[in-house]
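Structure first, then comments.
The values are calculated or read from the model by the stated rules, or taken from the named source; none is laboratory data. Values in this document were obtained by computation on a predicted structure and should not be read as measured data. Cβ sites come from the backbone with ideal geometry, for glycine too, and all protein chains shown count toward neighbours. Ligands, DNA and RNA are stripped out before the accessible areas are found, and what is left, the full protein with its side chains, is counted by its heavy atoms. Shrake-Rupley method; radii C 1.70, N 1.55, O 1.52, S 1.80 Å.
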Amino acid sequence: MTPEAIPDAEAALNALVDQMQAALAQDAAFVGIYSGGAWIADRLAKMIPGEHPVGYIDVSFYRDDYARTGLKAGAKRSELPFDVVGATIVLVDDVLYTGRSVRAAINELFDYGRPARIELAVLVDRGGRELPVEATYCGARLAVARDLSIVLAKDGEHLRFGVEKATDG
């Protein structure tokens, strides 16, 4: 994959904001999936008008491959500083691929209570779904070979995408 084919992460974020501004509930809470989704949730809360509390989820213990691969280094504590019950929640992730991280995040959210609605916002959808998961809001779409990973990096407040060889597990 050539560097020219990789979308600009800041442009994708702006496209995501444009989509969300017209359709998002004024009191929707953002829940970022660590770590890229957490960065994006923080930025969205600043860029989209309204009162949008922000929380974070680490899906490490909820992944369906946990028994096989074990706990990844750097697991973080989930933080949801608002009542999930009856809330409109926008689950935020950097890259949507198989759908398994999203499934794990939804499972964890329901451990905190039953939201009224869950929407999904992703910076990039790379295709390759293994579960029937589709983003409500998407900044960019990109076809990527299965042996490559799209990786979001953060330089200060600036976001950028990179491509790496995929690792198993």
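Here are a few things to note about the model shown:
- In the chain the longest region clear of GluC sites (Glu not before Pro) that are loop-assigned by DSSP and have at most 13 other C-beta atoms within 10 Å covers 52-129.
- Stretched out straight at 0.36 nm per residue, the stretch from GLU134 to ASN14 would grow longer than its current Cα-Cα span by 41.2 nm.
- Nonpolar atom fraction for the stretch 1-155, defined as the carbon and sulfur part of the 1.4 Å probe accessible area, stands at 50 percent.
- Antiparallel bridges, percent of DSSP beta bridges restricted to the chain (to nearest 5): 30 percent
- Size check on the chain: the Cα extents along the three principal axes, sorted descending, read 42, 38, 31 Å.
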